[in-house]
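The values are calculated or read from the model by the stated rules, or taken from the named source; none is laboratory data. Here the structure is a predicted model, which is why all the values come from computation and not from measurement. Every residue, glycine as well, gets a Cβ built from its backbone with ideal geometry; the counts of neighbours run over all protein chains shown.
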Amino acid sequence: MADMDTEGAAARRDLAVRAAVEQGLVGGAGTAEPLTCLLDTAGIRASAAALTGAFAAALPPGTPVLHAFAVKAAPLVPVLRLLSDAGLGCEVASPGELALARAAGVPAGRTVLDSPAKTVAELREALELGIALNADNPQELARLDALVGRAPASTAAPVGLRINPQTGAGAIDALSTATTTSKFGFALRDPGAREWLVRACLDRPWLTRLHIHSGSQGVPLVLIAEGVRELHALAEEINAAAGRRRIDTLDIGGGLPVNFASDEATPTFAQYVAALREAVPALFDGSYGLVTEFGRSLLAKHGLVLARVEYTKTSGSRPIALTHAGVQVATRTAYAPAAWPVRILPYDAKGAPRTGDPVAQDIAGPACFAGDLLAVARELPRLAPGDLIGVPDTGAYFFTAHYGYNSLPRPAVHGFTVTDAGEVRFRLVRPAQDVSEIVSEAGGDLRDALL
């Protein structure tokens, strides 16, 4: 994640909360929205600069490098546009994500397609547009055999193989993609697999890349680095067998974990590069072009959910604050709280940090199921109706990927900047979803279709 100014980011956040109340983006009942989400533009730019700078400092000048943002982490066109302006491309895993990247103006040559279930149409489109893609399995490779020769020669879409190094799981099974039985990629350690992969590349001159992604949150740097080392060794073996450099680019994925326990941004991209240099020093000798696919680590620290406390109550002697932020913006926290704990920042109705003696209280969301909780028995100054809660570190995979439980509407997302004079300026990134849109998406225009 970014080697960013933690104190400066926290100060910008508090200024933005107060300004959001003053400018009517969130706040009191009947006068403002009960829920909104904020993105710190300066923080995002700082993350992008930290990523590009860390690799640039470690590589020989002129080494081809593409940092492709994982669109699934924040599928918002203005965010992709901002990152593109900061020098990043896009990694997409569906037709929808590709459409978002193209809408943001990201060139085909700075886009990578990864998905374990690409259709023939998706493969053909990538080849025709010149979008790099990584094949996931032998059947997909067979499809490419039939398609590559038909693609326009002018596109020269780079094609690679996704490798599963089978190096093991991190702390969160669902986000560990290098397990023995992972659904992703060509299993490297299965009997005969390595020899098969070498031959597959020797038989196909158009295979010029290898790709790996060992997982993300919960996967330690040492395990990520081990997977990259396996990838590099396989590339060297293929090139030695070919007698020349057939594999010229290594896509090393992303997966840098995020610290959700405090404002500290750790591990940093510089620490990630240091871990790779220790494990695979030859990765940085300029022999291979590199592609990265970071998502959460670029955006998480720069997002804030801001919600009104609607009611407070006591049940079984436990104080409960009922808010408008829950499973729809923090889905993983509601369903897997042990793996995805979030911090709660209390603010008063004017947007100032709330102070007072801490009281253990539950922070509940608006959805109609008992598990819709952001925090249980959390020690905070006692909240009151009209107060606000902030949920930091939510700039990726939280409110950016709305979950429509109870037909709760998607909240507005605003980017913000802070001037040298302390003025906060907001820009709409995604409008709040209107109830009429919910009805339309639910087949409102087709109400008699089943009669």
Point to revise | Candidates GLU22, GLU33 - the one that is under 26 Å from ARG343 (Cβ atoms) and modelled with pLDDT under 95 | key: GLU33
Check your understanding: When both residues are 6+ apart or on different chains and their Cβ atoms are under 7 Å apart, which pairs have a first residue that lies in the stretch 426-451 and is assigned by TED's automatic domain parsing to the domain that holds LEU25, and a second that is of a type in the set (Phe, Trp, Tyr)?
Key -> PHE426/PHE416
Exercise for review: Run down ALA146, ALA121, ALA156 and say which single residue is modelled with pLDDT under 85 and either surrounded by fewer than 18 Cβ atoms within 10 Å (Cβ to Cβ) or farther than 21 Å from GLY96 by Cβ (or both).
Suggested key: ALA156
Practice item. Assess whether GLY53 counts as being surrounded by fewer than 21 Cβ atoms within 10 Å (Cβ to Cβ) and over 22 Å from LEU428 (Cα atoms). Key: yes
Exercise for review: Scan the stretch 199-210 residue by residue and report those that are surrounded by 18 or more Cβ atoms within 10 Å (Cβ to Cβ) and closer than 13 Å to LEU234 by Cα.
Suggested key: CYS201, THR208, ARG209, LEU210
Revision key, fill the gap. The one condition LEU383 fails out of (1) of a type outside the set (Gly, Ala, Ser); (2) buried (at least 20 other Cβ atoms within 10 Å of the Cβ); (3) touching a Ser or Thr at 6+ places or on another chain (Cβ under 8 Å); (4) closer than 14 Å to GLN433 by Cα is (4)
Check your understanding: Which residue out of VAL309, VAL280, VAL327 is of a type in the set (Val, Ile, Thr) and closer than 27 Å to THR111 by Cβ?
Key -> VAL280
**Study point:** Extreme residue, surrounded by the most Cβ atoms within 10 Å (Cβ to Cβ), among residues of the stretch 276-320 that are of a type in the set (D, E, K, R) and within 22 Å of the chain's Cα centre (by Cα)
**Key:** LYS301
Practice item. Kindly indicate which of ARG81, ARG102 is closer than 23 Å to THR41 by Cβ, part of a helix (DSSP H, G or I), touching a residue at least 24 places away in the same chain (Cβ under 8 Å) and of a type in the set (D, E, K, R). Key: ARG81
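Rundown of residues vs (1) at pLDDT below 95; (2) of a type in the set (D, E, K, R); (3) under 30 Å from ILE389 (Cα atoms); (4) not assigned by TED's automatic domain parsing to the domain that holds VAL429, yes/no style:
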site: LEU256; (1), (2), (3), (4): yes, no, yes, yes
site: ALA265; (1), (2), (3), (4): yes, no, yes, yes
site: PHE284; (1), (2), (3), (4): no, no, no, yes
site: GLY289; (1), (2), (3), (4): no, no, no, yes
site: PHE294; (1), (2), (3), (4): no, no, yes, yes
Practice item. Show the residue pairs that are 6+ apart or on different chains and have beta-carbon atoms under 8 Å apart, the first residue being within the stretch 334-357 and within 18 Å of ASP387 (Cα to Cα), the second being crowded, with 16+ Cβ neighbours inside 10 Å and at pLDDT below 95. Key: ARG343/PHE260; ALA349/GLY27; GLY351/GLY27
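The rows are residues; the columns are (1) in contact with a His (Cβ under 9 Å, 6 or more places away or on another chain); (2) surrounded by fewer than 18 Cβ atoms within 10 Å (Cβ to Cβ); (3) modelled with pLDDT of 95 or more; (4) in a helix (DSSP H, G or I).
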position: ARG12; (1), (2), (3), (4): no, no, yes, yes
position: VAL17; (1), (2), (3), (4): no, no, yes, yes
position: GLY43; (1), (2), (3), (4): yes, no, yes, yes
position: ALA49; (1), (2), (3), (4): no, yes, yes, yes
position: ALA57; (1), (2), (3), (4): no, yes, yes, yes
position: ALA68; (1), (2), (3), (4): no, no, yes, no
Revision key, fill the gap. If you go through GLU33, GLU97, the only one that is among the charged types (D, E, K, R) and part of a helix (DSSP H, G or I) is GLU97
Check your understanding: Taking ALA135 and the conditions (1) under 20 Å from THR208 (Cβ atoms); (2) touching a strand residue (DSSP E or B) at 6+ places or on another chain (Cβ under 6 Å); (3) at pLDDT below 95, which numbered condition does it fall short on, given that it satisfies the others?
Key -> (3)
Review point. Taking the stretch 222-275 as the region of interest, how many residues are small (Gly, Ala, Ser), under 30 Å from ARG378 (Cα atoms) and surrounded by fewer than 23 Cβ atoms within 10 Å (Cβ to Cβ)?
Key: 2
Practice item. Return only the number of the condition from (1) among the acidic types (Asp, Glu); (2) surrounded by fewer than 16 Cβ atoms within 10 Å (Cβ to Cβ); (3) assigned by TED's automatic domain parsing to the domain that holds ALA307 that ASP85 does not satisfy. Key: (3)
Point to revise | Flag if GLY30 is among the small types (Gly, Ala, Ser), surrounded by fewer than 23 Cβ atoms within 10 Å (Cβ to Cβ) and out of contact with any Ser or Thr (no Cβ under 9 Å at 6 or more places or on another chain) | key: yes
**Study point:** Residue selected from the stretch 183-198 under the condition surrounded by 18 or more Cβ atoms within 10 Å (Cβ to Cβ) and not in a helix (DSSP H, G or I), by the criterion nearest to the chain's Cα centre (by Cα)
**Key:** PHE184
Practice item. Might you let me know whether the stretch 187-207 holds any residue that is among the hydrophobic types (A, V, I, L, M, F, W, C) and either closer than 19 Å to ALA70 by Cβ or touching a Cys at 6+ places or on another chain (Cβ under 9 Å) (or both)? Key: yes
